[in-house]
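The values are calculated or read from the model by the stated rules, or taken from the named source; none is laboratory data. Computed from a predicted structure; not experimentally measured. All Cβ positions, glycine included, derive from the backbone under ideal geometry; neighbour counts span all protein chains shown. Protein only, heavy atoms only, side chains kept; ligands, DNA and RNA dropped before computing areas. Shrake-Rupley method; radii C 1.70, N 1.55, O 1.52, S 1.80 Å.
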Amino acid sequence: MTTSEPRVVLRPLRSDDAAAMFAYRSDPAVARYQSWEPQTVAELRAFIEDLARVEPFSPGTWHQLAIASASTGELLGDCGVHVPAAEPRSAEFGITLASAAQGRGLAGEALRALLAILFDRLGKHRVFCSVDPRNLRSVALVARTGFRQEAHHRSSLWFKGDWADDLVFAMLRSEWNARRSDPGLSPGS
């Protein structure tokens, strides 16, 4: 879904986001496919404060951004970006939305905004993500946004007490640019 006015904005996380972020990150439905689950609001607040001391998108680091309502500023979720130290022209991402924000196309808007930052502003060559194939909404999101599936690793991750498959999806900057120049393949489709 594409609207003329953005419904979400990406912004730095703030200390006052900690309670809301902890609430959705603690929701079993949201945390099911998440590897990072903070244990307390205080731990999350310290994490957010530490983020402010690190250069965003530095090679070898993960950087978390808030996904907020453009109209109210309410925290709807967050997205993480990892720039591998071994290949800083690439970036890995993950997106988490609160249950109440799901099913309305907001993750797609947030992902397109994130891709604009990574490809257009930071000049990344390749952006990729790792998705549990049971997470059907995430698989649909990246496919709808134009990502290609590059790999399906079977029982490759020990995750929450069991072996899990791992799907790897990626997009090149040339593919992002082609989607923007072809109205039938626009990043919003």
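Points to keep in mind about this one:
- Selection count where residues are open to solvent by less than 50 Å² (accessible area, probe 1.4 Å), assigned to a helix (DSSP H, G or I) and within 18 Å of A164 (Cα to Cα), scope segment 23-47: 2
- When A110, A86, A20 are checked against the criterion of being at pLDDT 95 or above and either among the β-branched types (V, I, T) or under 13 Å from the mean Cα position of the chain (by Cα) (or both), a single residue qualifies: A110.
- Residue within segment 45-56 that is in contact (Cβ under 8 Å) with a residue 60 or more places away in the chain and of a type in the set (G, A, S) present: no
So that you can scan it fast, the table gives a plain yes or no per residue for (1) farther than 21 Å from A91 by Cβ; (2) touching a helix residue (DSSP H, G or I) at 6+ places or on another chain (Cβ under 8 Å); (3) at pLDDT below 90:
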{"position": "N135", "(1), (2), (3)": "no, no, no"}
{"position": "G161", "(1), (2), (3)": "yes, no, yes"}
{"position": "L167", "(1), (2), (3)": "no, yes, no"}
{"position": "A170", "(1), (2), (3)": "no, no, no"}
{"position": "S174", "(1), (2), (3)": "no, no, no"}
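- Residue match in segment 35-52 (condition: on the phi > 0 side of the Ramachandran plot and over 17 Å from the mean Cα position of the chain (by Cα)): no
- Annotation note: Cβ proximity below 8 Å between a residue of segment 1-13 that is within 17 Å of F93 (Cβ to Cβ) and open to solvent by 70 Å² or more (accessible area, probe 1.4 Å) and a residue that is modelled with pLDDT of 90 or more and part of a loop (DSSP other than H, G, I, E, B) (sequence gap 6+ or interchain) occurs for P12/P56.
- Residue satisfying all of: in segment 48-61; open to solvent by 40 Å² or more (accessible area, probe 1.4 Å) and over 21 Å from D16 (Cβ atoms); modelled with the lowest pLDDT among these: E55
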